[in-house]
Structure formats: C-alpha cells, structure tokens
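The next block holds one structure in the form of structure tokens; read it before the comments.
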Amino acid sequence: MKSKYCFIVCADIRYLPEFVALANSLSYVGNTQDVHFFGYKIPQSVIDQFPLLGYQVIFHEITDEEIELNHGLSEVVCRKRYFYANQVGREYLAVSVLDADMVFTRNPINFFEIAEKTGFVLCASKEQNKVYDDGHHTWHGQFILEKGYYNPVDLCNCPLFVDTKIWGRALDKSYQIFVDGFPDDNFKAPDMDAMNICLIEAGSADKTIVLPGIQWLATNEQLLKPYIRAINDRGLIKTECGIPVFSYHGQYYHKKWRDCQMDNRHRCAEGYLKTTECPDNMARGAMDLLYTNFLKMLDWKIQIPKLNYRHPEEKYEE
C-alpha cells in the first residue's frame, strides 16, 4: 500500500554509508512515507534489511546500460533523479527529492502537506543567487530564460518538496535539456541550475517558499559557526540562535572531509573574527555533536560493515 507522499533518492555503492545513515535517520524520526531508492551496485544484504525501517523502500536498480545512455553515473544520480521524481510522483500527492548524504533530525511531514495543499515549491536556500548569463546556460544555442536573468529564489538541489502534478514537467525538462543535444547543443550547467531554470520557466518565481539552508543542509560549515552552531536541545539538534534543524548534509563518514570542515572554519575565524581559539572550540563541539549523531544513525536499523566504500583497496579511517 502506497503512502500519501514519497522521497526520491539516488546513490551508488560509494555513498552506501551515507545512504544507510539517511534511511536510518528517517526511521528514527518516525517517517512513514515511501522512499524510492534508485541505486547502483547496492549489496543484497542491505536491500534485505529495508523492512526493518518501518516504512516502505521501493528499490530501483540503476543498470550499466542506463549509465551509458545517460553519459555517466554521476549524471544519472544527479540529473535523472528529477526525471524519476516526475515519473514516480504521479502516484503521490507530493514528493521530496533528497541527496544521499543527508541526515534527518526531525520528521518533515508538514512540508509535504504544504506542497500538496498550496502547490508551492519548497526547497533550501543557497548562499549566493545565480545570474544566468553564460553559454553553459543555453540549450540548442538559446537561453531558456532571458540572458542575464537574476534568480531571486535560487534553490539548492534538495530537499525539494513539490506536487509533481504541477511541477513534474519542469523537473523532467531539467533532465531532458541535458540529454537532448548532447554533447554539443545540450545544457551544460550543473543540475542545480537546470532545476532552477526549468522551475522558473514554469512559473515558480512567485510560488516558491525558500527554506533556510541552515535548517536543512548547513552547507559551508554553517552549523560550526559561532552564534549559529549546532547544539543539543534535550535530544534534538537546533542552532544556538534557536532555529530547529530538520536535516543536515555532508560526508561525515569520511575523516578527511570532517577535518577539511574544521580547517575551513579555522581560516574563517582568522579572517572574520581575528581570533581562533574560542571559535575553534565551538566548532569542535558542534562537529562532535553532528558526527556522533551521524554514527548513531549509521547503526540505527540497517547495519553495514565499516569499510572504505569509495576506495575498497584502502583501509577505512574513522
């Protein structure tokens, strides 16, 4: 039996730990909506554990033939997920498109309901809004939007909440403009730009709710910064300035990535605050909170060996 709403997520085995933490975190926060998982080389031992989650996971295998037809695996898991959302979304009242490396800390069910009942597009904000003015923003040599268009509601890839009965064609087009005309006359800008441009073309500019990025993704070390860092509020994560965090994004499974986040924060503190000791300690505490929660979600229901899935020939460094 299908749920009212559903999530769409794509990943290959290199992102298996991140996907497992995502799937487990949705279970942890009480999700009951279907998850359509488009995966490549996902072990059967993981698929067999999906019933443990308490919600339905519909697994779709990405084939080598599909990868070849779509010009590479990264294009399938990034661009084609919007095509999948349009196809799958016809059977649901609203859908949410996710990245594989997200961890949920609260149940987002209310945002599905907003998308269903208002028809609005809901998605996380970017820090810098785009102007579409270079050749990569053209398709068959023509700009889809007027050259130089400034996007006042520029959105990240995810989490995107939409009713595909309204916005499905735009999502589908964001994929089609890449494959149609490849390799000379196709749209060459990132999938994020393709999604935004096609939604704007379809009329979303005044029908969009831009969600705070820090609440859903926390890119660019947002949850490590003084005043807005992540803190534990009776078992729930929120910012120091009081914003409830629904999910956060990043490659927490990888020590190199976590160290890079800390290094970036240190340099920002040097440049902006002219001091580092106290901001570094704050960032370290916030990272410990986020990483500890990630590890808890990694082992919540589905279990996998702690291996280096990106470079199997190398040892995993915790």
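Assorted remarks:
- Taking amide hydrogens as placed 1.01 Å from N in the peptide plane, the amide H of Asp12 sits under 5 Å from those of Tyr40, each at least 5 positions away in sequence or on another chain.
- Reciprocal mean inverse distance between Cα atoms of the chain - Kirkwood radius, Å: 20.4
- Under 10 Å, Cβ to Cβ, from Ile58 - net charge with Lys/Arg +1 and Asp/Glu -1: 0
- Contact order, relative form, for the chain: 21 percent (alpha carbon pairs under 8 Å, 6 or more residues apart, mean separation divided by residue count).
- Dividing the mean sequence gap of close Cα pairs (under 8 Å, 6+ apart) by how many residues the range 1-74 holds gives a relative contact order of 33 percent.
- Near the amide H of Lys238, within less than 5 Å, lie the amide hydrogens of Ile231, Asp233, Val245, all on another chain or at least 5 residues away, with H placed in the peptide plane.
- Assigned charges on the beta-carbon of Lys, Arg, Asp, Glu; the range 215-298 dipole about Cα centre (debye): 160
- Relative contact order %, the range 1-149, counting alpha carbon pairs below 8 Å whose residues are six or more apart: 29
- Listed residue pairs exceeding 30 Å between alpha carbons, taken from Lys80/Lys147; Lys117/Lys255; Lys41/Lys126; Lys126/Lys315; Lys256/Lys301: Lys117/Lys255; Lys41/Lys126; Lys126/Lys315
- Candidate aspartates and glutamates for bridging to Lys130, where Cα separation is under 16 Å - those fewer than 8 sequence places away on the same chain excluded: Glu146, Asp154, Asp191, Asp193, Glu201
- Counting every other Cβ atom within 10 Å of each residue's Cβ, Lys188, Lys296, Lys173 order from fewest to most as Lys296, Lys188, Lys173.
- Point-charge dipole on Cβ atoms (K/R +1, D/E -1) for the chain, about Cα centre, debye to 20: 980
- Put simply, the amide H of Trp139, placed in the peptide plane, has neighbours under 5 Å in Ile144, leaving out anything fewer than 5 places away on its chain.
- The eigenvalues of the Cα gyration tensor, multiplied by 5 and square-rooted, give the range 1-153 an equivalent ellipsoid with semi-axes of 29, 21, 14 Å from largest to smallest.
- Coarse-grained scattering of the range 84-125 at q = 0.16 Å⁻¹, given as base-10 log I(q)/I(0) from a Debye sum over alpha-carbon atoms: -0.47
- Projecting the Cα atoms of Ala170, Leu290, Phe37 onto the charge dipole of the chain, computed from C-beta unit charges around the Cα centre, puts Leu290 farthest toward the positive end.
No lab work stands behind these numbers, since they all come straight from the coordinates. Remember, predicted model here, so these are calculated numbers, not experimental data. Positions of Cβ are backbone-derived with ideal geometry, glycine not excepted, and every protein chain shown enters the neighbour counts.
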